[in-house]
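**Q** Just passing along the structure, written as structure tokens.
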Amino acid sequence: MPQAGDKAPGFSLPDQSGATVSLSQFKGRHVVLYFYPKDATPGCTTEACDFRDEHSALVKAGAVVLGVSPDSVASHQKFATKQGLPFSLLADPDHALADAYGVWGEKSLYGRKFMGLIRATFLIGPDGKVVRVWPKVKVAGHVAEVLSTLQGGASDAAPARAPADAPAPKARAAKKAPSAEAKPAAVKKPAAKKAPAAKAAARKGARA
């Protein structure tokens, strides 16, 4: 399988209209070359429709979209017409192009092994070299990731890290409840003054 920096294998294949499409005719532009197993199957239909829905944005980003499968020209024509696909689907019935891109291999389904096309996408740069590869594509979110890459998004960039010598943020100290020692001491009421013993005796005599 070609990797980023490798020269993309060239090709000349018929599309759904019978016209010959070659990689060389797109020199100076990005090419999104996506391989899918079979026309009109659920996952392949979803992927094709995702590329259809984002086609204007992909073209605006400077890319040409090309789908490839082992299906015939007639099958591609029916599929493209039904789904309203605005891009070329290339017929690769002998899987020669799939072999060149390393996406024809052993697959497994319900415990049964067989040879088939492995879903993958290659982004080819204006200079004809591979820019990025998505092997074993998961359909959900794939087209959005391809578009983000074309637009120079950060989807494939490593997250930014703080410099090693950057001071660590100071942790905020938790507020402590005031301790018992911090509470003001209870104020004691002054004791009632007692009359001197002599005065108490005089009062007692007067009453007698």
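**Q** Grab the beta carbon distance between Lys7 and Ser148, set R0 = 25 Å, and tell me the FRET efficiency rounded to 0.05.
**A** Between Lys7 and Ser148 the formula returns 0.50.
**Q** Follow-up question, since we're still on this one. Name the long-range amide H neighbours of Val65: under 5 Å, sequence gap of 5 or more, or other chain; modelled H, no Pro or chain starts.
**A** Correct list: Val32.
**Q** Apply the Karplus curve 6.51 cos²θ - 1.76 cosθ + 1.60, θ = phi - 60°, to the phi angles in segment 105-120 and return the couplings in whole Hz, x for Gly and Pro.
**A** Per-residue couplings from phi come out as x, 6, 10, 9, 9, 6, x, 9, 9, 7, 8, x, 8, 9, 4, 7 Hz.
**Q** Assuming 0.36 nm per residue, please report the length gained on full extension of the stretch Lys113 to Val139 beyond their Cα-Cα distance.
**A** 7.2 nm
**Q** Next question, about the same structure. On a 1.4 Å probe surface of the protein chains, which of Ser72, Ser22 comes out largest in accessible area, and what is the full order?
**A** Ser72, Ser22
**Q** Put a dot 7 Å past each Cα toward the Cβ at Asp94 and Ala74; how far apart are the dots in nm?
**A** Result: 2.0 nm between the two label points.
**Q** Classify segment 55-108 as rounded, prolate or oblate from the Cα gyration tensor: take a ≥ b ≥ c as the square roots of its eigenvalues, call it rounded if a/c is under 1.5, otherwise prolate when a/b beats b/c and oblate if not.
**A** It is oblate, given that a/c is not under 1.5 and a/b is not larger than b/c.
**Q** Based on the mean of other beta carbon atoms within 10 Å per residue, what is the order of 136-142, 28-34, most packed first?
**A** Highest-to-lowest ranking by the protection proxy: 28-34, 136-142.
**Q** A further question follows. Probe radius 1.4 Å, ligands and nucleic acids left out: which of Asp99, Asp39 has the largest accessible area, and how do the rest follow?
**A** Asp99, Asp39
The values are calculated or read from the model by the stated rules, or taken from the named source; none is laboratory data. Bear in mind the structure is a predicted one, so any value in this text is a computation, not a measurement. All Cβ positions, even for glycine, are placed from backbone atoms using ideal geometry, and neighbour counts span all protein chains on display. Keep in mind that these areas ignore ligands, DNA and RNA; they rest on the heavy atoms of the full protein, side chains included. Shrake-Rupley method; radii C 1.70, N 1.55, O 1.52, S 1.80 Å.
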